[in-house]
Amino acid sequence: MKAGAHRLQSCATFEPMRAMVFRGVGRPLSLEETARPEPGSRQVLVKVSTCAVCRTDLHVVEGDLTDPKLPLVPGHEVVGTVESVGPGVPSLAVGQRVGVPWMGSCCGICRYCGEGTENLCGDAGFTGYTIDGGYAEWLVADQRFCLPIPESYSDVQAAPLMCAGLIGYRSLLMAGDPKRLGIYGFGAAAHIIAQVARFQGRSLFAFTRPGDTAAQNFARRLGAVWAGDSLQDPPEKLDAAIIFAPVGSLVPQALRSVSRGGTVVCGGIHMSDIPSFPYELLWGERTIRSVANLTRRDGLSFMEIASRLSIETHTRTYPLEKANEALSDLGSGRLQGAAVLVMDRESVGANDPGAS
């Protein structure tokens, strides 16, 4: 995919907006005044209220994901309201609250799109990577990929659902029906999907960075029956494990922890190299699988679950211009839960039930 191939916006007139712009690896995001985009066919203009900060954003700005459009506005966990619509938008109305996730477009004609697995489309577009995202006051989005937001969630609470929740949900689906579920890396995605897993009656085992007792205590508060270092063996064999930490060496460790017939799901878009391991760890019909993006069906299904479950998203809010600080806090492990950028500075600190 060529960088910039999915630049969706066109700007006939210059109406300014603030945006945090990525211009290359090794350079911090810069606060810039840019042109507000205008919606084209099947697109909507969304006035951004909040945008959560995802580890994938770190992979973009640190160069782990190597083909972003440049310059780029990152961010793909967006909540806002529809301000205007382009031609061919029958399903969304001005003033409607929507979420804009990572999956931003697909070709609609390939084998995968035809089979309902557009997350595997080779010509897909991705919000905050090949399409300008939500670290800005406005963005344009394909109306087909906008998601409804349950009324019970504030904009701050809803933002992490747009990727941490969605990818966590697809990872849980890939894990099958485990009674004993392990989660490696207890961050934004884990703290959301842990609540779903506990609601489903699963026993949850949490694995954190060695020595991170704060994250382990956080996991226990969310219902984990056991929490410990990622290099430890759990007290009993697991039926499945989800790895959210982008650490390839955790794959053989997780295989060691699951029982025969168990599944290890790699839930991130990027992971460091997986080291070699003895076949014995895989033998016994154990399975390793990855998660790639998500389908619209996944998104709608998860939003329906979220409306019934009242998931508590633990957040720390930052004003837009502090996006670099939020990325730094995420990368260093100083967060429990999710970082969320807010466009209204007066909202910083509000709706942060789990901030620490």
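The values are calculated or read from the model by the stated rules, or taken from the named source; none is laboratory data. The structure presented is a predicted model; accordingly, all values stated were derived computationally and were not measured. No Cβ is skipped: glycine too gets one built from the backbone with ideal geometry, and neighbour counts run over all protein chains shown.
Conditions tested, residue by residue: (1) at pLDDT 95 or above; (2) under 22 Å from residue 303 (Cβ atoms); (3) among the β-branched types (Val, Ile, Thr); (4) assigned by TED's automatic domain parsing to the domain that holds residue 139.
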| site | (1), (2), (3), (4) |
| --- | --- |
| 43 | yes, yes, no, yes |
| 52 | yes, yes, no, yes |
| 60 | yes, no, yes, yes |
| 63 | no, no, no, yes |
| 66 | no, no, yes, yes |
| 76 | yes, yes, no, yes |
| 87 | no, no, no, yes |
| 98 | yes, yes, yes, yes |
| 111 | yes, no, no, yes |
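Filtering the stretch 306-345 down to residues that are assigned to a loop (DSSP other than H, G, I, E, B) and hydroxyl-bearing (Ser, Thr, Tyr), which residue is modelled with the lowest pLDDT? Before the answer, list the steps.
Initial filter on the stretch 306-345 (assigned to a loop (DSSP other than H, G, I, E, B)): 310-314, 333-337, 343-344.
With hydroxyl-bearing (Ser, Thr, Tyr) added as a condition, the list becomes 310, 313.
Values: 310: 87, 313: 92.
The qualifying residue modelled with the lowest pLDDT is 310.
Of all the listed residues (72, 58), the sole one being among the aliphatic types (A, V, I, L, M) and in contact with a strand residue (DSSP E or B) (Cβ under 7 Å, 6 or more places away or on another chain) is 72.
No other residue among 185, 116 is more than 30 Å from residue 34 (Cβ to Cβ), of a type in the set (Gly, Ala, Ser) and out of contact with any Ser or Thr (no Cβ under 7 Å at 6 or more places or on another chain) apart from 185.
Selection of first residues in the stretch 322-345 that are surrounded by fewer than 16 Cβ atoms within 10 Å (Cβ to Cβ) and of second residues that are assigned to a strand (DSSP E or B), restricted to Cβ pairs under 7 Å at least 6 apart or on distinct chains, gives the following pairs, ordered by first then second residue: 325/318; 345/319. Hey, does the stretch 129-142 have a residue that's acidic (Asp, Glu), closer than 30 Å to residue 288 by Cβ and assigned by TED's automatic domain parsing to the domain that holds residue 40? No, every residue in the stretch 129-142 fails to be acidic (Asp, Glu), closer than 30 Å to residue 288 by Cβ and assigned by TED's automatic domain parsing to the domain that holds residue 40.
Just to verify a result, which residue in the stretch 260-305, among those that are assigned to a strand (DSSP E or B) and of a type in the set (S, T, N, Q), is surrounded by the most Cβ atoms within 10 Å (Cβ to Cβ)?
263
Taken over the stretch 150-198, the residue count meeting the criterion of being farther than 27 Å from residue 231 by Cα, of a type outside the set (D, E, K, R) and surrounded by fewer than 24 Cβ atoms within 10 Å (Cβ to Cβ) is 4.
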